[in-house]
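The values are calculated or read from the model by the stated rules, or taken from the named source; none is laboratory data. From a predicted model like this one, the values you see are computed outputs, not experimental measurements. With ideal geometry, Cβ positions are generated from the backbone for all residues, glycine too; neighbour counts draw on all protein chains shown. For the accessible areas, the whole protein counts, side chains as well, though only heavy atoms, and no ligand, DNA or RNA atoms are used. Shrake-Rupley method; radii C 1.70, N 1.55, O 1.52, S 1.80 Å.
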Amino acid sequence: MTNQSALSKPYLLEASDLTKEDVFRIFAQAQFYMDDYEKGKKYDDLKGLTVALAFFEPSTRTKLSFELAAKRLSADTFSFQASSSSLTKGESLIDTLRTIEAMGVHIYVVRHGNSGAAKFLQENTSGVVVNAGDGKHEHPTQAILDAFTIYRHFSKFEGLRVTIIGDILHSRVARSNIIMLKTLGAEVRLCSPGTLLPRHKNIWEVEYIDNVDDAVEWSDVLLVLRLQHERMKSGIIPSVREFSKYYGVTLEHFSRKPEMILLHPGPVNYGIELEYEVSSYPNCLIETQVTHGVFTRMALLALLARKYK
Amino acid sequence: MNIYFEKIRIINPYQEIDAQFDLWIKNGRIMHLSPDSAKTDEDTRIVNAESLVCSPGLFDMHVHFREPGFEHKETTLTGAESAANGGFTGVVCMPNTEPAIDNVPVCEYIANRAKGNLVDVFIAGAITMGRKGERISPMLELLESGVVYFTDDGTCITKSEVMRRAFDYAATKDILLAQHCEEHSLTDNFAMDESALSYKLGLKGYPTVAEEIIVSRDIRLAEYCGNRRIHFSHVSSAGSVELIRTAKSKGLRVSCEVTPHHFTLPNSLLDSYDPNLKMNPPLRSDQDINAAIEGLKDGTIDCIATDHAPHSLHEKEVEYEKAPYGVVGLETSLGLSLTYLYHKKVLSLREIIEKMSVNPRRLLQMDDIVFDIGSEANITIFGLDEEWLVNKSNFKSKSLNTPFVGMKLKGKPVFTFNNGLVHESEL
C-alpha cells in the first residue's frame with residue numbers, strides 16, 4: 001500500500017490526464033475484476049470511503065454504472081440528480097460542493113451540462129473528481145470503456161483504424177475517444193456532416209472521411225455517435241431523413257465487412273444513426289460496452305482511491 | 001494636500017512639452033511650474049520626483065459603473081474611486097444600466113451621484129430605447145443633459161435600418177456614435193474566441209468575422225450617410241483593425257479603441273476555464289494581439305479604454321459557461337500599458353498619453369488640458385520604472401474580477417489631481 005495514486009494524476013478530468021501506462025493499468029485491473037467476479041462478490045478497495053454521484057444533468061447509464069462500480073468496491077455512495085437537488089432552488093455549484101464536502105466525501109463522480117465544470121470542482125475541493133461528462137468537453141470514462149472493448153477484441157491498438165461517425169462538434173464522447181485512442185496508438189478518422197465538424201480541422205491531427213462507405217472500407221472499428229434531439233430541431237442539419245440517408249450506418253455496411261466492430265455510447269436512436277437490424281449483428285458490441293463500463297469504472301475508482309490508503 | 005514635485009518629467013502633448021520641471025500644486029491649482037525651484041511653505045509635502053512623470057489627467061471613454069440597477073457590482077462612487085486609484089481623472093460610463101441611460105432623469109441621477117468627485121464621470125447615452133436596437137433614443141435631449149456620445153454598448157445594433165436612422169438623426173449635431181460590433185446571430189451564447197482551443201474545450205466560439213461584419217457595415221453606412229462619425233468600441237480582431245485602417249486612409253471619420261486585456265492576453269489561456277478570462281469580445285489569438293499592437297503603433301487605434309466591467313465574486317465564481325462577461329480594468333490599465341507598450345518599445349510615452357488622455361478627450365471635443373501657473377490641476381502623476389505586483393486587496397473597485405492578480409507590472413499611478421482634489425494611489 002502506498003499513499004500515491006496508482007495513476008499519473010490523482011483525478012480524471014479529461015482523457016489527456018491518462019498516459020498509455022495508466023490506461024493499461026486500468027485495463028489490467030478491470031480484467032482482474034472481470035475474471036474474478038462472481039455474483040454478489042464485493043471488494044474492499046473503497047471500504048470506508050464515500051463516493052458522491054453528483055449528476056447535475058440527467059443520466060441513466062453512466063450513473064448506474066458508477067453506482068454499481070462503487071458499491072462492488074464497498075464504498076458508501078450517495079447520489080443526487082439535478083431535478084431533485086437544491087440546484088433547482090438556485091443554489092450555486094460551489095455552494096453545493098461545499099455542502100457535500102462538509103459531509104465528508106472522498107470521491108466525486110460528476111456529470112454536468114457545462115464544459116469545464118469538472119475542472120472547476122476539482123480546483124475547489126481536496127477530494128478526487130472523476131468527470132462523468134462535462135458539457136461538450138469530455139467524457140473520459142466512456143473513452144476508457146470503449147478502448148477496453150476494442151482492446152479485448154483485437155488485443156492491440158497499433159495500426160488499428162477507428163472512424164468516429166456523427167455529431168463530432170457537440171460530442172464529449174468523440175473528444176475523449178480521439179485523444180485516448182491516439183494516445184494508445186490507434187489511427188482515428190472522423191466522418192460527419194459539414195455543420196457538425198469543427199472549423200479548425202487540425203485540432204487533433206486526424207484525417208476526415210466524407211462518406212460512410214469510404215469509412216467502412218477503411219475502418220476496423222466504427223464508433224457511431226448519438227444524434228441529440230437538440231441537433232435535430234436546431235436546423236444545423238437539413239433533416240433527420242437526410243442525416244440518416246447519408247450518415248446512418250446500416251446492416252448492409254456490415255455485410256460488406258463482417259470483421260468490423262461497431263461501438264455506440266448509447267442510447268441509440270435506431271432508424272437515425274443506426275439501422276435497427278444492426279443491433280443483432282454479432283460484432284455490434286453495444287451491450288459489451290455496458291458490461292465493460294462497470295469493470296473499467298471499478299478499476300478506475302480503485303486506482304484513484306489508493307490516495308486514501 | 002499640497003505637493004511640490006522636485007525635478008519631475010512633464011509631458012503634455014497639448015502644449016508640446018516634454019521636459020523636467022519643478023511643479024507645485026497647491027489647493028488644486030498649479031502654483032509653480034519652472035525649471036527653477038521655488039520656496040515652498042509648511043503646508044506642502046515635498047516629493048523627489050526624478051523617477052516620476054506628470055501628464056494630463058488620464059481619460060477612459062469606456063467604463064461600466066453599473067448605477068442605477070446593479071449597485072452590488074459597482075457604484076458611481078466606487079467606480080470613481082477605482083478610476084482615481086488607477087490614475088484616471090475622467091471616465092465615460094456606459095448606458096447598460098437598469099433602467100438604461102435613454103432618458104434625462106437617469107442622466108441627472110448619475111450626474112448627481114458623481115458630483116463633488118475627483119473624477120469627472122461623463123455619460124454615454126443609449127442609441128436606442130432600452131438598448132433594444134429598435135427605436136432611436138431622444139438623442140438631442142440627452143445631448144443637452146450632458147451625454148458625451150452614444151452607444152448601445154453590451155449589445156450591437158444589428159438592424160441596419162436602425163443604425164442608418166441613428167446616423168441620419170445624429171447628423172444635425174454631428175454626434176459621435178459608437179458601436180459594440182457583434183453580429184449576434186453568429187455569437188449567441190458564446191464562451192470564448194472561436195479557435196482550435198474552443199473546439200477542444202467544448203466551448204461555444206465567437207468567430208472574429210462576427211465583429212468584422214459589423215465594422216465593415218458601419219464603415220459603409222457611416223460613409224453613405226454623409227461621412228458620419230463612428231467609433232468602434234473594444235476592437236479585438238486583426239480584420240477589424242485592417243478595415244479601420246483602410247477607412248481612415250480614405251478620409252472617413254472613424255475611430256476606435258482597444259482594451260489592455262486585448263493587447264496583453266491570448267485566447268490560449270482559456271484552457272484554465274477561468275471566469276476572470278471571460279469577456280465580450282473574448283480574448284483573441286496572438287495574430288490579433290499583434291494586429292492590435294500594430295494598430296496602436298501606426299495610429300489606426302486611437303484610444304486605450306478599459307471596458308471596466310465589474311461583477312461580484314458570487315456571479316463570477318460559477319461554471320465558466322454560466323459566468324457573466326467582463327473584467328475590471330481601471331486599476332491595471334496604466335500599469336499594463338506602460339509594461340506592454342512603453343517598456344516593450346511599442347509606443348513612446350507621449351503616444352501612450354495621447355491614447356490614454358488626449359485622443360479620447362479630443363474625440364469627445366473636450367477642452368485641452370493646459371499646464372499654466374494658476375490653472376486648475378487635471379493631472380496624473382505616475383512612476384515609470386516602479387515594479388509592483390497586482391494585488392486586488394489594494395483595489396478600490398467594488399468588484400475584483402481581474403485575471404491580472406499577481407502579475408508583475410512596471411510603471412504605476414502615484415497621484416491623481418482634479419477638481420481641487422488629490423488622490424494618492426494605494427496600488
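Counting only heavy atoms of the protein chains, get the accessible area per residue of chain B (1.4 Å probe) and round it to a whole Å² value.
Normalised by residue count, the accessible surface of chain B is 36 Å².
Between the range B:358-414 and the range B:221-265, how many Å separate their Cα centres?
Centre-to-centre distance over Cα atoms comes out at 24 Å.
Under the Karplus relation 6.51 cos²θ - 1.76 cosθ + 1.60, θ = phi - 60°, what is the ordered set of whole-Hz ³J(HN,Hα) values for the range A:152-159, x standing for Gly and Pro?
5, 7, 9, 6, 6, 10, 4, x
Given the pairs A:LYS63/A:LYS245; B:LYS248/B:LYS355; A:LYS182/A:LYS309; B:LYS392/B:LYS412; A:LYS20/B:LYS200; A:LYS63/A:LYS309, which span a C-alpha to C-alpha distance of over 23 angstrom in this model?
Pairs exceeding 23 Å: A:LYS63/A:LYS245; A:LYS182/A:LYS309; A:LYS63/A:LYS309.
Using a 10 angstrom cutoff on alpha carbons, build the Gaussian network for chain A and name the most mobile of A:SER92, A:SER244, A:SER79.
Judging by the Gaussian network model, the answer is A:SER92.
Considering only DSSP beta bridges with both partners in the range B:57-363, what is the antiparallel share in %, to the nearest 5?
Of all bridge pairs located within the range B:57-363, approximately 5 percent are antiparallel.
Can you give the mean number of other chain Cβ atoms that lie within 10 Å of the Cβ atoms in peptide A:112-125?
Counting Cβ atoms of other protein chains within 10 Å of each residue's Cβ and averaging gives 5.
What whole-number value in Å² describes the accessible area per residue of the range A:153-203 for a 1.4 Å probe?
Ligands and nucleic acids excluded, the figure is 34 Å² per residue.
Collect residues whose amide H, placed 1.01 Å from N in the peptide plane, falls under 5 Å from the amide H of A:ARG189; neighbours closer than 5 in sequence don't count.
A:VAL162, A:THR163, A:ILE164
How would B:SER272, B:SER240 rank on accessible area, largest to smallest, probe 1.4 Å?
Working: B:SER272 40, B:SER240 0 Å².
My answer, sorted largest first, is B:SER272, B:SER240.
Compare each residue of the range A:194-226 in its chain alone against the assembly with all protein chains, and report those whose accessible area goes down by 30 Å² or more; 1.4 Å probe, heavy atoms.
Going by heavy-atom accessible area, the residues of the range A:194-226 that drop by at least 30 Å² are A:ARG199, A:HIS200, A:ILE203.
Which residue, B:LEU269, B:LEU118, B:LEU338, has the most motion in a Gaussian network model of chain B that connects Cα atoms within less than 10 Å?
B:LEU269
Would you check the accessible area of A:TYR11, probe 1.4 Å, heavy atoms only, in square angstrom rounded to 10?
A:TYR11 has an accessible surface of roughly 60 Å² with all protein chains in place.
Kindly write out, for the range A:18-26 in residue order, the coupling ³J(HN,Hα) from the Karplus curve 6.51 cos²θ - 1.76 cosθ + 1.60 (θ = phi - 60°), rounded to whole Hz, with x marking Gly and Pro.
Values per residue, Gly and Pro as x: 9, 7, 4, 4, 4, 4, 5, 5, 5 Hz.
Going by a 1.4 Å probe on protein heavy atoms, which residues of the range B:195-234 end up with at least 30 Å² less accessible surface in the whole assembly than in their chain alone?
In the range B:195-234, residues shielded by partner chains: B:ALA196, B:TYR199, B:LYS200, B:GLY202.
So, by mean Cβ neighbours within 10 angstrom, what's the order for B:91-103, A:279-291, B:290-302 with the highest one leading? If you can, show how the numbers build up before the last one.
On the way: B:91-103: 23.2, A:279-291: 15.8, B:290-302: 19.8.
Taking the mean over residues of other Cβ atoms within 10 Å, the ranking is B:91-103, B:290-302, A:279-291.
Scan around A:ALA132 for amide H atoms under 5 Å from its own, H built in the peptide plane at 1.01 Å from N, and keep only partners 5 or more places away or cross-chain.
Hits under the 5 Å cutoff: A:VAL110, A:ARG111.
Measure off, as a whole percent, the carbon and sulfur share of the 1.4 Å-probe accessible area of the protein assembly as shown, all protein chains present. Intermediate values should be presented prior to the final figure.
Values: 13780 of 28460 Å².
After summing per-atom areas, the C and S share lands at 48 percent.
Using alpha-carbon positions, what is the distance between the centroids of the range B:96-140 and the range A:1-66, in Å?
Taking the Cα centre of each part, the range B:96-140 and the range A:1-66 sit 57 Å apart.
For chain A, take the longest principal axis of its alpha carbons; what is the angle in degrees between that and the long axis of helix A:93-102, to the nearest 10 within 0 to 90?
Long axis of A:93-102 versus the principal axis of chain A: about 40 degrees.
Using only the C-alpha atoms of the range B:57-363, find the volume of their convex hull and express it per residue in Å³.
Values: hull volume 35.2 nm³, N = 307.
Given the Cα convex hull of the range B:57-363, per-residue volume reads 115 Å³.
Is it possible to state the helix-based mean residue ellipticity at 222 nm for chain A, with each DSSP H run of 4+ residues giving -39500 (n - 2.57), the sum divided by total residues, to the nearest 500 deg cm²/dmol? What is it?
Per the formula, -12000 deg cm²/dmol.
222 nm [θ] for chain B, helices only, -39500 (n - 2.57) per DSSP H run of 4+, per residue, to 500? Numbers along the way, then the final one.
Numbers: 14 runs with 114 residues, N = 427.
Helix contribution divided over all residues of chain B: -7000 deg cm²/dmol.
Tell me the total accessible area that B and A bury against each other, 1.4 angstrom probe, in square angstrom rounded to 100.
Its buried surface, counting both partners, is about 1600 Å².
What average count of beta carbons from other chains do you get within 10 Å of the Cβ of residues in A:175-183? Spell out each step's value before the answer.
Numbers: counts 4, 0, 0, 1, 1, 0, 0, 0, 0.
So the per-residue partner count for this stretch is 1.
Under 5 Å between amide H atoms, partner at least 5 residues away or on a different chain: which partners does A:THR19 have, H built in plane at 1.01 Å?
For A:THR19, whose amide H was placed from the backbone, the distant partners under 5 Å are A:SER8.
For the range A:140-285, calculate the relative contact order in percent as a whole number, restricting contacts to Cα pairs under 8 Å that are 6 or more residues apart. Before the final figure, lay out each step's value.
Working: 241 pairs, mean separation 35.1, N = 146.
Once divided by the residue count of the range A:140-285, the mean separation gives 24 percent.
Give me the percent of DSSP beta bridges within the range B:1-138 that run antiparallel, rounded to the nearest 5.
If I count the DSSP bridges inside the range B:1-138, around 50 percent turn out antiparallel.
Remind me, relative contact order of chain B in percent, using alpha carbon pairs under 8 angstrom and six or more residues apart?
After rounding, I find 20 percent.
How large is ³J(HN,Hα) for each residue in the range B:197-206, as worked out from phi by the Karplus curve 6.51 cos²θ - 1.76 cosθ + 1.60 (θ = phi - 60°), to whole Hz, x for Gly and Pro?
Going residue by residue, I get 5, 5, 5, 5, 7, x, 10, 5, x, 10 Hz, with x marking Gly and Pro.
Accessible area, 1.4 Å probe, largest first: how do A:LYS233, B:LYS410 sort? Mind dumping the intermediate values first?
Details: A:LYS233 170, B:LYS410 65 Å².
Largest to smallest exposure gives the sequence A:LYS233, B:LYS410.
If you find the alpha carbon centre of the range A:139-210 and of the range A:257-309, how far apart are they in angstrom?
14 Å
Please state the equivalent ellipsoid semi-axes for chain A: what are the square roots of 5 times the Cα gyration tensor eigenvalues, largest first, in whole Å?
32, 23, 17
Indicate the residues belonging to the range B:318-334 that lose 20 Å² or more of solvent-accessible heavy-atom surface (probe 1.4 Å) upon moving from the chain alone to the assembly of all protein chains, ignoring ligands and nucleic acids.
So the qualifying set is B:VAL318, B:GLU319, B:GLU321, B:LYS322.
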